[in-house]
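So the structure is just underneath, and the comments pick up after that.
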Amino acid sequence: MIADNGIVIAFWLLAATTIGCALMVAAVRELVQAVLFLALTFVGAAGMYIVLSADFVAVVQVLIYAGAVSVLMTFAVMLTPAADRRNSETVFQVPALILAGLVLAIVVFVTLDTDWAISDRGAFSATAASLGEAFLKPYVVPFEVASVLLMVAMIGAIVLTQEDEVPPRRQEGE
């Protein structure tokens with residue numbers, strides 16, 4: 001059992017905040033607000049990683065998801081015409097709620113059915129230094145290709161949403 005009650009309270013507060021923000025992503029009708037709640041959901045998950053002593057994963061969560069993915073989604077939403085920025089009602093709302101209920105039931109079942117005893121094994125051998133070395137040595141090309149691909153996708157989104165300029169019409173006497 002965890003001896004520090006502050007850690008347990010912090011975990012449950014972060015978990016409740018994260019779940020609340022995730023529910024707000026689905027509940028709000030404005031896409032910009034949904035993206036902001038999604039960013040808060042990512043930050044809440046990073047906070048839970050910090051409480052669970054997974055500092056590297058928390059930093060990656062903030063940098064990649066709360067930073068890059070949220071900014072990319074914000075740009076994508078802001079580049080769409082203003083009329084298309086509202087979530088509309090859909091015929092898939094009821095099936096989505098049923099599916100979400102089934103997933104929740106499975107998560108609750110697995111949570112209650114699993115033996116959560118802490119094992120007495122040692123710490124993990126992989127550290128932040130070895131992960132950084134892997135990104136900079138053998139996996140540097142896929143890492144850079146992914147960044148170029150994201151940049152090309154962003155430029156493509158800008159080009160696709162740009163309005164064509166209509167040249168002024170010439171008068172017949174000119």
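The values are calculated or read from the model by the stated rules, or taken from the named source; none is laboratory data. These numbers come from a predicted model, not from an experiment. Each accessible area value is taken on the protein alone, full model and side chains, heavy atoms only, with ligands, DNA and RNA left out. Shrake-Rupley method; radii C 1.70, N 1.55, O 1.52, S 1.80 Å.
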Per-residue accessible area for Val140 at 1.4 Å probe radius, Å² rounded to 10? 50 Å²
Over region 1-67, calculate the relative contact order: mean separation of alpha carbon pairs under 8 Å at least 6 apart, over the residue count, as a percent. 30 percent
Between region 10-50 and region 126-151, how far is it from one alpha carbon centroid to the other, in angstrom? 28 Å
Whole percent per 10 Å bin, from 0 to the bin with the longest distance: what is P(r) over all C-alpha pairs of region 1-82? 20, 42, 27, 10, 2, 0
Using θ = phi - 60° and the Karplus form 6.51 cos²θ - 1.76 cosθ + 1.60, what ³J(HN,Hα) does each residue of region 43-57 get, whole Hz, x for Gly and Pro? 5, x, 5, 5, x, 5, 5, 5, 4, 8, 6, 10, 4, 5, 5
